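Shown next, in structure tokens, is the structure this report addresses.
The values are calculated or read from the model by the stated rules, or taken from the named source; none is laboratory data. The model shown is predicted, which means the values in this text are computed figures rather than measured ones. Using ideal geometry, Cβ is built from the backbone for each residue, glycine included, and neighbour counts are taken over all protein chains shown.
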């Protein structure tokens, strides 16, 4: 919703919250409530590798004077004309690249009261351990904690992946204010934080340096304005916003020739709302024929014809609940569109295709009591047709082989040694895992044949091996023939091998699907691995969300132009190849190959991207999965089916509820959904024995009944500070599309 109001008499800048884990140092240039009556000196460490910060704590009631800092009895710093204060005052002194040795520090305060000294503090500089870095540190980024101009805030340093630093320096208005050691654990992420309290009003420009033995790399600058004013601009905005933030603007002033506009971008939600917890925003855009000459409170702006795009500052792109930012736009009136029109927000999300599938007949609606079979089945001959054409889908089901049936093949042979085993046979071990795969197809559009191939490659979840393979676990007899099932049923990472770190990242970036208290152990592992083990449902859906996150990430990086690439690529397996490799080997490892950018023309012409760029992955991951997908797509006879009781369906819904625990749907809405599904079940079961339905023929119909009760959009925005920082970093630190 776009709101406008004229004659707003003031401008107020808000900045957005950014919360990142890190160490907590002494507050730089800060004041706090009195906690001591004596002059003190403390450090952020007493044993250092050469980077540390000392803090001189002046007791409350200080009547003014000078503060001196001595190192080994030599004066190293004087703070002259320190004003009187009724509060405790903290002065910081950073040190960098100190040589090995022992340093004794004493603080001295001089004034009308005479001279007082602190107790000495000893800092020992020791030899730094050898680091793991192989080159310059990766460029760090800065973020801030507050968005309301508060005098209390934190500045965060993040380096997401790559060569680490062994020390970091923070500058404020080009003055070094903080130094600290870091642990070089390349190529793992690094983070640190500096905390500020009771900062004076004004604008502060921060930048940091990350240092190792190869050199120094500086971050971009970050600006933080302390306003001391907590009121928002008087611009009308809606009370709630979903999928996109609320945007309002006002005309602050204007003449016949020029103007000043105020834009507010807001997340007005104060309580949980599906796809409204957080908005990650690249920019806002609008149309005008006027000339824009200046924009305050933004990273930059560009004009393309009559379209103006204003890019948000890096630390202001994440709109959590009840947060807002403002920008001031100035310019000269021109043409016939002198005020903003078609104001929109551009999210940090790509234009990723989610194909639409056939739904229920138009005569069906939620809560319909007197159902007839025509409300569920449009064409019974097609609905129950047992012929299955050859499939062409790879990672995403763009072209379903059947609009109403859940087609999951069980090929009797795979023309490739899977995990080094020849003669593998694929099977579906549980009706519950099949239902989980059906949900993954209907909601996330992921090919069940990709999921069965992935599970087989990772944990033999859908793979049976012959006796000649040497395996002897879990014997299974099918059509009189003995097979073995080498799955690790008790593995903590489950049938699709979703690690805890990945699960926690998904939880951060998909807060709608995974509540704050969701834990890896309740979603990913299976319980028994038997046919009646309903934990398969949860594991399959959790892995599908993780795969979707990887796919969304590649589409969301503007400079990659991912959708355009996949549309133009000669290799029909292009999307599968890239997403699969990124999922298997890590997104950043994939991006470092620069296929979308430096090698784009070559990649577009390649007929086999996996071979062209060596994207096989660990243990021929790509070749294994592609071979199994081909085998499943070409299988037209052995299609999995199972008879489902109402208890089976109800248990599926109970497990599905784990992904909708935040309050959407409500318990009442969930009950109404279950009642609708049960009515449909009872009607569909009449085709069979009156007590069961077919997984192959009926499950998607029941799922579509349930789906009508689920919150939309079905695939909400991936959001949060981690998401925004990763997208920004992958895009090279610039927002330009």
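Per the listing 737, 709, the residue uniquely modelled with pLDDT under 95 and either assigned to a loop (DSSP other than H, G, I, E, B) or surrounded by fewer than 17 Cβ atoms within 10 Å (Cβ to Cβ) (or both) is 737. Given the criterion closer than 26 Å to residue 314 by Cβ, modelled with pLDDT under 90, surrounded by 20 or more Cβ atoms within 10 Å (Cβ to Cβ) and under 30 Å from the mean Cα position of the chain (by Cα), identify the matching residue among 147, 168. The conditions single out 147.
Taking only segment 68-87 into account, find how many residues are modelled with pLDDT of 85 or more, over 45 Å from the mean Cα position of the chain (by Cα) and in a strand (DSSP E or B).
Going residue by residue through segment 68-87, those that are modelled with pLDDT of 85 or more are 68-78.
From what's left, over 45 Å from the mean Cα position of the chain (by Cα): 68-76, 78.
If we keep only those that are in a strand (DSSP E or B) as well, we get 68-71, 74-76, 78.
Number of matching residues: 8.
Being over 30 Å from the mean Cα position of the chain (by Cα), at pLDDT 90 or above, in the same structural domain as residue 72 (by TED's automatic domain parsing) and under 30 Å from residue 68 (Cβ atoms): is that true of residue 90 here?
Details: over 30 Å from the mean Cα position of the chain (by Cα): yes; at pLDDT 90 or above: no; in the same structural domain as residue 72 (by TED's automatic domain parsing): yes; under 30 Å from residue 68 (Cβ atoms): yes.
Answer is no for this residue.
A single entry from 434, 413 fulfils the requirement of being under 19 Å from residue 700 (Cα atoms), in the same structural domain as residue 578 (by TED's automatic domain parsing), touching a residue at least 40 places away in the same chain (Cβ under 8 Å) and not in a strand (DSSP E or B): 434.
Those residues that are part of a loop (DSSP other than H, G, I, E, B), touching a helix residue (DSSP H, G or I) at 6+ places or on another chain (Cβ under 6 Å) and more than 30 Å from residue 186 (Cβ to Cβ), I need them from segment 601-631; list them, please.
Our first condition is that a residue be part of a loop (DSSP other than H, G, I, E, B); within segment 601-631, this holds for 606-608, 614-620.
Okay, now just the ones that are also touching a helix residue (DSSP H, G or I) at 6+ places or on another chain (Cβ under 6 Å), so 606, 615-617.
Result: 606, single match.
Among the candidates 285, 300, 266, single out the residue that is crowded, with 24+ Cβ neighbours inside 10 Å, touching a residue at least 40 places away in the same chain (Cβ under 8 Å) and not assigned by TED's automatic domain parsing to the domain that holds residue 662.
Details: 285 fails: crowded, with 24+ Cβ neighbours inside 10 Å; 300 fails: crowded, with 24+ Cβ neighbours inside 10 Å.
Going through 285, 300, 266 in turn, the sole match is 266.
Need at least 3 residues that are in contact (Cβ under 8 Å) with a residue 60 or more places away in the chain per element, so show me which helices (runs of 4 or more DSSP H) inside segment 456-562 make the cut, counting only ones lying wholly within it. Working first, answer last.
Values: elements: 500-509, 520-523, 535-556.
Qualifying helices (runs of 4 or more DSSP H): 500-509, 535-556.
In the set 598, 571, which member is buried (at least 16 other Cβ atoms within 10 Å of the Cβ), without any contact (Cβ under 8 Å) to a residue 60 or more places away in the chain and either in the same structural domain as residue 633 (by TED's automatic domain parsing) or assigned to a helix (DSSP H, G or I) (or both)?
571
When 391, 386 are checked against the criterion of being assigned to a loop (DSSP other than H, G, I, E, B), in the same structural domain as residue 574 (by TED's automatic domain parsing) and surrounded by 15 or more Cβ atoms within 10 Å (Cβ to Cβ), a single residue qualifies: 391. Looking across segment 632-651, the residues that are out of contact with any strand residue (DSSP E or B) (no Cβ under 7 Å at 6 or more places or on another chain) and either part of a helix (DSSP H, G or I) or farther than 24 Å from residue 537 by Cα (or both) come down to 633, 634, 636, 637, 646, 647, 648, 649, 650, 651. Within the option set 439, 460, being in the same structural domain as residue 581 (by TED's automatic domain parsing) and on the phi > 0 side of the Ramachandran plot holds for one residue only, 460.
If you check 309, 338, 326 for being in contact (Cβ under 8 Å) with a residue 24 or more places away in the chain, assigned to a strand (DSSP E or B) and closer than 18 Å to residue 260 by Cβ, only one passes: 326.
Of all residues in segment 360-383, those being surrounded by 13 or more Cβ atoms within 10 Å (Cβ to Cβ) and part of a loop (DSSP other than H, G, I, E, B) number 8. The strands (runs of 3 or more DSSP E) found entirely in segment 118-192 that carry 3 or more residues being over 28 Å from residue 67 (Cβ atoms) and touching a strand residue (DSSP E or B) at 6+ places or on another chain (Cβ under 6 Å) are 141-144, 153-159.
When we screen 495, 511, 466, 475 for residues that are in contact with a helix residue (DSSP H, G or I) (Cβ under 7 Å, 6 or more places away or on another chain) and either surrounded by 16 or more Cβ atoms within 10 Å (Cβ to Cβ) or more than 27 Å from residue 400 (Cβ to Cβ) (or both), the only hit is 495.
Is there a residue in segment 179-194 that is more than 23 Å from residue 43 (Cα to Cα), without any contact (Cβ under 8 Å) to a residue 40 or more places away in the chain and either outside the structural domain of residue 318 (by TED's automatic domain parsing) or buried (at least 19 other Cβ atoms within 10 Å of the Cβ) (or both)? Spell out how you get there, then give the answer.
Residues of segment 179-194 more than 23 Å from residue 43 (Cα to Cα): 185-189.
Add one more test, that the residue is without any contact (Cβ under 8 Å) to a residue 40 or more places away in the chain, and what stays is 188-189.
Narrowing the set further to residues that are either outside the structural domain of residue 318 (by TED's automatic domain parsing) or buried (at least 19 other Cβ atoms within 10 Å of the Cβ) (or both) leaves 188-189.
Yes; the residues of segment 179-194 include at least one that is more than 23 Å from residue 43 (Cα to Cα), without any contact (Cβ under 8 Å) to a residue 40 or more places away in the chain and either outside the structural domain of residue 318 (by TED's automatic domain parsing) or buried (at least 19 other Cβ atoms within 10 Å of the Cβ) (or both).
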